[in-house]
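J.: Below you'll find the structure I mean.
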Amino acid sequence: MDKTLSQIEALFNEPNSDSLGDLMDKFWASWSDLANNPESMAARSALKEQSNLLASRFHRIYNQLLDIKASVDSDVDLTVQQVNNLAQELASLNMQIARSELGGENANDLRDKRDHLIDQLSELIDINVAEQKNGTATVYVGALAIVEGTSSFKIGTHKIRVGAAAVSEIVWEGTTKTLKVYDGQLRGLLDTRDTVIPNYMQALDDLAKALITNINSLHQAGFGLDGSTGWNFFGTLDMSAAGIKVSDEIQNDINRIAASQSGEVGDNRNALAIADLRNAKLMSRGTASLAEFYQGMIGGIGVETSKARGLKENYELLVAQLENSRQSVQGVSLDEEMTQMIKFQHAYDAAARVITTMDQALDTVIHGMGIVGR
């Protein structure tokens, strides 16, 4: 998850020139410039261009979030395939272990390899393992076995429609039975795809909709330089981050930008009212301005990214500690092996000294005794 959050953080690229936050600031500044010069065609043209740039940035970020979501969905498919490959290898090792241990011997090398594969599988998906009397290991995902004896059972995916996109749902292959995943890399991918990314997309939609709705409400009541009124500044067919755009009426004629409240030439009160929306509490049930809402979203991304990195480091440390504890029980201790080596070396030296002493004694008996009387 920390990888995806880092991508999202880089996507918004705040604070920076031409970021969404920067373009929103320039957008409001353009309304202030128009209020200062309500009859200026240059100010009107600049406002239209800034509005188009802002809408384009909304589109780009939203579409890139969609791309990231699609990439994570592809990772789900790849991870499912990895799970199946590991399950198949475990079933094969079960067969080899059962054959090797028919004569009562322990297939330690094969068991070590199987334990390593089980560790790899547990990183991908939550599993439970039970060893059977014949030496094979049964691996469960939830209540059902994915490896049983010398057989493995595959999981798969099928596409379901979520909003405007199709995503992969994990099922037992050949069925429509959904597989509940509670842990492992797969759980992280599913949470990122189904919760984290959609939350940011929804926040962008809320921001765009508030911008469109509130500006259009004031703009419709105002008058353009040509005396026309009732025009929307933003189009209303799709009031979302993906659909925000300057209305065709304004796009085609900047004289229709409603800077005036009375219709009189030089009246700037409507442009001022729209510019004042910058600080109005329009978001989060009247508790935050548009800028504050956006800043809170960016701050949330930073906090979530930092939290995910911290959790990753903590879990890596925990796994390392658990692995050390496991190795202290079932693994080889170098200190213990060195102690045993020294003990056996001393025993060998002692035995060698005994043999040497016996050899010397026999030499003395054979060559040094029985000479008298020859």
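The values are calculated or read from the model by the stated rules, or taken from the named source; none is laboratory data. Everything numeric in this text was worked out from a predicted model, so none of it was measured. FYI the Cβ positions are ideal-geometry reconstructions off the backbone, even for glycines, and counts take in every protein chain you see.
Table: residues versus (1) in the same structural domain as S262 (by TED's automatic domain parsing); (2) under 30 Å from S19 (Cα atoms); (3) surrounded by fewer than 15 Cβ atoms within 10 Å (Cβ to Cβ); (4) of a type in the set (S, T, N, Q).
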residue: N106; (1), (2), (3), (4): yes, no, yes, yes
residue: K113; (1), (2), (3), (4): yes, no, no, no
residue: D119; (1), (2), (3), (4): yes, no, yes, no
residue: K133; (1), (2), (3), (4): no, no, yes, no
residue: I160; (1), (2), (3), (4): no, no, yes, no
residue: E169; (1), (2), (3), (4): no, no, no, no
residue: F223; (1), (2), (3), (4): yes, no, no, no
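J.: Quick check on segment 318-338. Is at least one of its residues at pLDDT 80 or above, of a type in the set (A, V, I, L, M, F, W, C), under 32 Å from the mean Cα position of the chain (by Cα) and part of a helix (DSSP H, G or I)?
T.: For segment 318-338, residues at pLDDT 80 or above, of a type in the set (A, V, I, L, M, F, W, C), under 32 Å from the mean Cα position of the chain (by Cα) and part of a helix (DSSP H, G or I): absent.
J.: Also, quick follow-up: Looking at L47, L86, which one is in the same structural domain as A258 (by TED's automatic domain parsing), out of contact with any strand residue (DSSP E or B) (no Cβ under 8 Å at 6 or more places or on another chain) and under 30 Å from Q132 (Cα atoms)?
T.: L86
J.: Determine which member of the set K69, K48 is surrounded by 15 or more Cβ atoms within 10 Å (Cβ to Cβ), part of a helix (DSSP H, G or I), among the charged types (D, E, K, R) and modelled with pLDDT under 95.
T.: Exactly one of K69, K48 is surrounded by 15 or more Cβ atoms within 10 Å (Cβ to Cβ), part of a helix (DSSP H, G or I), among the charged types (D, E, K, R) and modelled with pLDDT under 95, namely K69.
J.: Check T175, T213, T150 and return the single one that is at pLDDT 95 or above, more than 17 Å from Y62 (Cα to Cα) and among the hydroxyl-bearing types (S, T, Y).
T.: T213
J.: Here's another thing I want to ask about it. State the number of residues belonging to segment 2-45 that are in a helix (DSSP H, G or I) and either of a type in the set (S, T, N, Q) or touching a Phe, Trp or Tyr at 6+ places or on another chain (Cβ under 8 Å) (or both).
T.: 11
J.: Return the only residue of G373, G266, G300, G286 being among the small types (G, A, S), modelled with pLDDT of 80 or more and either part of a helix (DSSP H, G or I) or not assigned by TED's automatic domain parsing to the domain that holds N232 (or both).
T.: Only one candidate qualifies: G300.
J.: Touching a residue at least 24 places away in the same chain (Cβ under 8 Å), under 18 Å from T305 (Cβ atoms) and of a type in the set (S, T, Y): which single residue out of S45, S19 fits that description?
T.: Matching residue, one of S45, S19: S19.
J.: Do we find a residue being under 41 Å from the mean Cα position of the chain (by Cα) and more than 14 Å from S51 (Cβ to Cβ) anywhere in segment 246-258?
T.: no
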